[in-house]
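Student: Next up is a structure, given as structure tokens.
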Amino acid sequence: MEKSNVRPDDWQRRRDHLRESSDEELKARFWHLTEEVIAPMVRLAQTQTTPSIERSVLLRMGFSDAEAKAVVQQTIEHRRMGKGAGHCVYALSLIDHIDIRTAGLKLGAGEGWDRLERRFGGNPR
């Protein structure tokens, strides 16, 4: 028995409900469906991170690989990965009125976490 790889052409039937739609309505439907598809990925990206993602953020902030690794390790030890290592660096720079690099180096050395705890409050994740 030979299998056919040809899919029946039912495109006309499947598009009937869209036939009377204007270009603007079709565009709106497209973007609505796109938002539905990507919403779970956006939620995941907003709530989940990994050490490699956090190191990547810090590398883009100008830290070396070793410096980024130290900051991420300290972020994990202080249970603040939910805030993000880059966010922690930025927050400490605002609290202490210092540049980003100095703040990151302090956090990587284990300094400044007490001030971040007061700033962020609540239970660390």
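Student: Please list, ordered by first then second residue, the pairs with beta carbon atoms under 9 Å, 6 or more apart or interchain, first in the stretch 41-58 and closer than 12 Å to A70 by Cα, second basic (K, R).
Tutor: Once the first residue is closer than 12 Å to A70 by Cα and sits in the stretch 41-58, its partners that are basic (K, R) give P51/K69; R55/K69; L58/K69.
Student: Just for the stretch 46-66: of the residues that are in a loop (DSSP other than H, G, I, E, B) and within 16 Å of the chain's Cα centre (by Cα), which one is modelled with the lowest pLDDT? Lay out the reasoning, then the answer.
Tutor: Let us first name the residues in the stretch 46-66 that are in a loop (DSSP other than H, G, I, E, B), namely 48-50, 61-64.
Checking which are within 16 Å of the chain's Cα centre (by Cα) leaves us with 48-50, 61.
Details: Q48: 82, T49: 86, T50: 91, M61: 96.
Here the residue is Q48.
Student: Which condition number does E35 fail, the rest of (1) exposed (fewer than 14 other Cβ atoms within 10 Å of the Cβ); (2) acidic (D, E); (3) not in a helix (DSSP H, G or I) being met?
Tutor: Only one criterion in (1) exposed (fewer than 14 other Cβ atoms within 10 Å of the Cβ); (2) acidic (D, E); (3) not in a helix (DSSP H, G or I) is unmet by E35, namely (3).
Student: OK, next. Return the total of residues in the stretch 56-83 being closer than 17 Å to A109 by Cβ and surrounded by 13 or more Cβ atoms within 10 Å (Cβ to Cβ).
Tutor: 15
Student: Out of K106, K83, which single residue is among the basic types (K, R) and farther than 20 Å from T47 by Cβ? Don't jump to the end; show me each part of the working.
Tutor: Numbers: K83 fails: farther than 20 Å from T47 by Cβ.
Matching residue, one of K106, K83: K106.
Student: Quickly run through the stretch 74-125 and pick out the residues that are in a loop (DSSP other than H, G, I, E, B) and of a type in the set (G, A, S).
Tutor: Taking the stretch 74-125 and keeping what is in a loop (DSSP other than H, G, I, E, B), we get 78-84, 97-99, 109-112, 121-125.
G82, G84, A109, G110, G112, G121, G122 - these are the residues of the stretch 74-125 that are in a loop (DSSP other than H, G, I, E, B) and of a type in the set (G, A, S).
Student: Where residues in the stretch 84-120 are on the phi > 0 side of the Ramachandran plot and either more than 22 Å from the chain's Cα centre (by Cα) or among the β-branched types (V, I, T) (or both), which of them is surrounded by the fewest Cβ atoms within 10 Å (Cβ to Cβ)?
Tutor: Here the answer is H97.
Student: Restricting the first residue to the stretch 95-121 and requiring it to be touching a residue at least 60 places away in the same chain (Cβ under 8 Å) and not assigned by TED's automatic domain parsing to the domain that holds T75, which pairs with a second residue that is acidic (D, E) and outside any helix (DSSP H, G or I) meet a Cβ separation below 8 Å and a spacing of at least six or different chains?
Tutor: Between residues of the stretch 95-121 that are touching a residue at least 60 places away in the same chain (Cβ under 8 Å) and not assigned by TED's automatic domain parsing to the domain that holds T75 and residues that are acidic (D, E) and outside any helix (DSSP H, G or I), there is no close pair.
The values are calculated or read from the model by the stated rules, or taken from the named source; none is laboratory data. It should be emphasised that the depicted structure is a prediction, and the values quoted were computed from it without experimental measurement. Using ideal geometry, Cβ is built from the backbone for each residue, glycine included, and neighbour counts are taken over all protein chains shown.
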